[in-house]
Amino acid sequence: QWERLWFLILTSSFFLTLVWFYFWWEVHNDYDEINWFLYNRMGYWSDWSIPILVTTAAGFTYITMLLILALCHIAVGQQMNLHWLHKIGLVTTLITTVVTMSSIAQLWDDEWEMVFISLQATAPFLHIGALAAVTALSWLVAGQFARTEKATSQMLMFTAYLAVVVALYLVPLTISSPCIMEKKALGPKPAILGHRGAPMLAPENTLMSFQKAVEQKVFGVQADVVLSYDGVPFLMHDKTLRRTTNVEEVFPERAYEHSSMFNWTDLEKLNAGEWFLQNDPFWTAGSLSRADYLEAANQSVCRLEDMLEVIKDNTSLILNFQDLPAAHPYYSTYINITLETILASGIRQQAVMWLPDTERQLVRQVAPGFQQTSGLKLDAERLREKGIVRLNLRYTKVTNEDVRDYTTANLSVNLYTVNEPWLFSILWCAGVPSVTSDSSHVLRKVPFPIWLMPPDEYHLIWITSDLISFIVIVGVFIFQKAVPDTLLVSCRWRLGSIRTYNPEQIMLSAAVRRSSQDVKIMKEKLIFSEINNGVETTDELSFCSENGY
């Protein structure tokens with residue numbers, strides 16, 4: 001009973017660590033967001049993604065090896081006999097995985113949507129892999145079925161295995177992926193907007209970052225605007241300057257102040273590039289050329305006016321705003337000041353996507369050409385009533401059906417933040433018009449979705465895989481049943497001799513410190529015990545003897 005319990009714990013740990021490892025591998029798209037989320041929680045920047053990934057991979061590998069060894073023991077008729085150290089390691093891994101998964105579910109439950117989205121890209125291939133694994137297990141199941149004497153146990157074992165196999169055969173009925181479609185139905189490639197410029201190639205929200213984005217010929221850029229204490233619009237995402245500047249060195253006593261409470265003359269004194277080279281948030285700093293490295297190290301806080309000068313000719317712009325503290329001198333007029341700066345730059349009004357809900361009526365009057373954009377997911381009719389023509393949403397908030405409905409209502413959808421080619425491919429197949437990305441230099445080189453499969457071709461692969469699996473499983477069960485009983489007995493004895501140990505064998509194994517006379521007596525008892533169990537030939541007897549005795 002204890003062995004069965006430990007095997008159940010081992011199997012549960014394997015599936016939990018597999019899910020966690022899959023989750024953490026696929027969430028690579030959002031590593032920077034996760035690190036930023038943890039930065040806000042803990043107050044200091046650290047790249048937690050790699051340590052968590054390495055730890056997860058190590059735990060999954062350890063559990064997988066234990067499970068493989070356990071299955072090998074079962075295959076030869078032995079018990080697992082887990083060492084107490086492995087039991088501690090197994091329980092520790094299981095508890096750690098459960099606690100970590102629960103923490104993510106409570107702190108950032110939205111991120112679990114990534115698992116379901118990723119399955120649209122991986123499910124067809126995971127299905128084939130799972131089918132191969134279950135088919136391979138048929139040898140073990142058939143062997144156990146043949147060795148089991150009780151008919152009830154045989155039926156339970158066969159029924160459970162059959163249920164798993166049938167479920168896997170029918171799983172494709174539940175698989176839905178936008179990339180299972182005819183090639184002629186594929187829409188145009190989504191336009192790419194640089195998230196705070198090109199933050200993998202230069203420090204975010206700096207002039208160099210937007211210059212790099214323009215060099216990548218992106219459709220547009222997204223920027224975060226704040227107003228300084230003396231009324232100068234500048235670019236900054238965080239509420240404080242701690243993460244992306246050296247404010248703790250220059251103004252240590254003001255490090256935790258809101259960024260808008262600094263005069264522009266003070267902001268000009270800060271370095272906004274060294275953090276990028278030190279923290280290397282995307283692991284790309286080492287790939288910069290010598291010239292780019294030096295340029296990045298000398299970046300300063302960027303004014304909105306300077307950024308507009310760089311992008312105004314051929315690039316669209318999504319503007320996001322930080323709310324100012326009530327004590328800010330321009331608290332009630334910062335929208336007016338920002339509008340004046342944008343209009344004075346000469347950028348086409350149609351190229352500006354206005355995201356803030358604050359003072360929309362004023363914005364329509366002053367700049368009627370701006371594309372009114374909403375960050376709220378509402379039904380199409382309400383959005384049209386509010387004069388919204390674009391949506392800017394996180395990719396986990398929108399389904400394929402939502403995209404089709406918004407497109408039908410003539411509403412353009414931009415999704416953020418999309419960095420991985422597989423995710424970009426899924427959204428491309430779903431018909432998403434545009435995405436915001438940290439890796440615009442990578443996505444612009446994706447010429448076609450990573451995979452695109454016509455429905456008929458997918459159905460053929462599905463049915464063929466199921467048929468091959470079925471034939472192999474039936475063949476294995478027939479072979480195991482057809483082997484002569486004498487051969488089965490011999491194989492079981494030779495491969496599973498540990499299972500037939502009696503007390504004398506166990507004592508003999510532990511007799512390294514006993515006198516030779518005691519060992520000799522136990523050997524004699526062992527010989528007669530084996531003869532009584534049906535071992536009659538000297539060849540079989542010598543198989544487990546010592547020095548031919």
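Worth a mention:
- If you take all other residues with their beta carbon under 13 Å from the beta carbon of ARG364, and give Lys and Arg +1 and Asp and Glu -1, the sum is 0.
- Against the chain, whose longest principal axis comes from its Cα atoms, helix 113-147 is set at around 0 degrees.
- Kirkwood hydrodynamic radius of the range 191-444, from the reciprocal of the average inverse Cα-Cα distance over all distinct pairs: 18.8 Å.
- Positive-end extreme of charge dipole, the range 1-76 - chosen from PHE7, ILE50, TYR39 (charges on Cβ): PHE7
- With Cα atoms, 0 to 90° folded angle of helix 31-42 axis to the chain main axis: 80
- Between the range 151-217 and the range 70-92, the Cα center-to-center distance that results, in Å: 36
- Magnitude of the charge dipole, the chain, Cβ model with Lys/Arg +1 and Asp/Glu -1, debye to 20: 1160
- Each of the peptides 197-206, 406-415, 362-371 was scored by the mean count of other Cβ atoms within 10 Å over its residues; in descending order, highest first, they stand as 197-206, 406-415, 362-371.
- Counting only DSSP H runs of at least 4 residues, each contributing -39500 (n - 2.57), and dividing by the residue count of the chain, the helix-based mean residue ellipticity at 222 nm comes to -17500 deg cm²/dmol.
- Surrounding net charge for LEU90, when Lys and Arg each add one and Asp and Glu each subtract one, Cβ distance under 15 Å: +1
- Cβ-based charge dipole, the chain, positive-most Cα from ILE478, MET353, PHE321: ILE478
- For LYS481, the lysines whose Cα falls under 22 Å of its own Cα, not counting residues fewer than eight places away in the same chain, are LYS150.
- Only beta bridges with both residues in the chain are counted; by DSSP, about 15 percent of them are antiparallel.
- Rolling a 1.4 Å probe over the protein chains gives ASP357 an accessible area of about 80 Å².
- Rounded to 10°, Cα long-axis angle of helix 485-495 versus longest principal axis of the chain: 70
- With K and R counted +1 and D and E -1, the other residues having a Cβ less than 13 Å from that of LEU378 yield a net charge of 0.
- Positive-end residue of GLY369, ASN410, LEU294, charge dipole of the range 191-444 with Cβ unit charges: ASN410
- Counting lysine pairs in the range 191-444 whose alpha carbons fall under 25 angstrom apart, excluding pairs fewer than 8 residues apart on the same chain, gives 10.
The values are calculated or read from the model by the stated rules, or taken from the named source; none is laboratory data. Every value quoted in this text rests on a predicted model; they were computed, and no experiment measured them. A quick note on method: Cβ atoms are made from the backbone with ideal geometry, for glycine too, and the neighbour counts reach across all protein chains shown. Protein only, heavy atoms only, side chains kept; ligands, DNA and RNA dropped before computing areas. Shrake-Rupley method; radii C 1.70, N 1.55, O 1.52, S 1.80 Å.
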